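Structure first, then comments.
The values are calculated or read from the model by the stated rules, or taken from the named source; none is laboratory data. Values in this document were obtained by computation on a predicted structure and should not be read as measured data. Here Cβ is always computed from backbone atoms with ideal geometry, including for glycine, and neighbour counts include all displayed protein chains. Note: accessible area is taken over every heavy atom of the protein model, side chains too, but ligands, DNA and RNA are not part of it. Shrake-Rupley method; radii C 1.70, N 1.55, O 1.52, S 1.80 Å.
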Amino acid sequence: MGRARGASESQGTGQGTGQGTGWYRSVARPLLFSIPPEAAHRLAQGLLSLPLPWERLGGADRDPALRLSLAGIPLANPVGLAAGFDKTGRHVDALGRLGFGYVVCGTFTRRPRRGNAKPRIVRYPERASMVNAMGLPNPGAEAASRALSRMAPRGPRVASIADQGLPEVLEAHAVLEPFVDAIELNASCPNVAWGRDRDNEAHLANLLRELASRRARPLFVKLPPFRTKVEREVVLALATIAREQGAEALTISNTLPVRDARVSIGRGGLSGRALLDVTLACVRAIRGAMGQEMPVNACGGISTPADALAAIEAGATTVQVYTGLIFRGPGVVGELTAGLAGALRSRQIDLADLVGTA
């Protein structure tokens, strides 16, 4: 049962108005969507390098009721930025200043990776969704660690690393862990070849066993989504392995594999609003199987306060957004945090009471 909140607590700070939404949807998004997706992403990355008033553009609500702990990491709010937006680690400062509770950068591989051939992204504006077949382009773990080392943290940051072979994973983890609050092991990318012809359960168990004696900070495991009974059993088995091998949290889930002839490899991962129902079902199933102790980060299709609240009520500890940021702009942080704070005020509880994992 949640504890009642005093009148002074329940008012927050008056922030969270999402000042970055109106101008984005009327001016910036039409401009960005008039050019190819990857060109738009490069433009956005360039803007993040500028000394703009990111705190005001994000408009995050600072209500103390939103505070919680994720695997021992204190968060100002439960809205995280998912892996994939900052593929270099060079923009975590600006992204953190938008007001995200935490920022996941990457996914990083041990060495630089160019990814798949272009075109690699297709937008579905009518569904506020997109398909990507990027193939994890990134500068490599060493370059990312140098970028992270040059910036004082503005808030919790997480590095996503790919589940390559054991030597590569151990080396990437060792290089990146000193500069982040946690590592997220991406055990679910649909756009790379190395996971297709191996025993993924044995591979994950081996990776986590070897990392256990080497790591000093929390480890999250990002799993694939599922729709069929067989897929559900596979993902639940991976989640059980992650818990048994000491992972501190699960991220549920990655993009949904789909076919699309407009990307170079003919298939990719679906993200955005079209994925929301799948995400909620996956979170509900994982929470039911894992019990209340294992933190769950809901990722996929979340872009409104109602989406975020639905994910938390399904069993999520935090929510991660990415495609929602692209379609709704930086003010999505303010919208989500203000909406959640308002819901908590109406119930006279704190978020930690609702998620039960503080």
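A few notes on this one:
- Subset of the stretch 324-358 [in contact with a strand residue (DSSP E or B) (Cβ under 9 Å, 6 or more places away or on another chain), open to solvent by 10 Å² or more (accessible area, probe 1.4 Å) and of a type in the set (S, T, N, Q)]: 357
- If only residues of the stretch 218-241 that are surrounded by 18 or more Cβ atoms within 10 Å (Cβ to Cβ) and more than 24 Å from residue 301 (Cα to Cα) are counted, the one that is farthest from the chain's Cα centre (by Cα) is 241.
- Residue count, the stretch 105-120 (criterion: open to solvent by less than 40 Å² (accessible area, probe 1.4 Å) and either part of a loop (DSSP other than H, G, I, E, B) or out of contact with any Asp or Glu (no Cβ under 6 Å at 6 or more places or on another chain) (or both)): 8
- Entirely in the stretch 253-339, the helices (runs of 4 or more DSSP H) that have 2 or more residues that are under 20 Å from residue 242 (Cα atoms) and out of contact with any Ser or Thr (no Cβ under 7 Å at 6 or more places or on another chain): 276-290
- Checked against the criterion of being touching a strand residue (DSSP E or B) at 6+ places or on another chain (Cβ under 6 Å), open to solvent by less than 40 Å² (accessible area, probe 1.4 Å), of a type in the set (D, E, K, R) and in contact (Cβ under 8 Å) with a residue 60 or more places away in the chain, the candidates 157, 123 yield just one match: 157.
- Filtered by the rule that a residue be closer than 21 Å to residue 48 by Cβ and among the β-branched types (Val, Ile, Thr), the stretch 60-104 gives 79, 88, 92, 103, 104.
- Only one entry in 164, 245 is more than 21 Å from the chain's Cα centre (by Cα) and surrounded by 16 or more Cβ atoms within 10 Å (Cβ to Cβ), namely 245.
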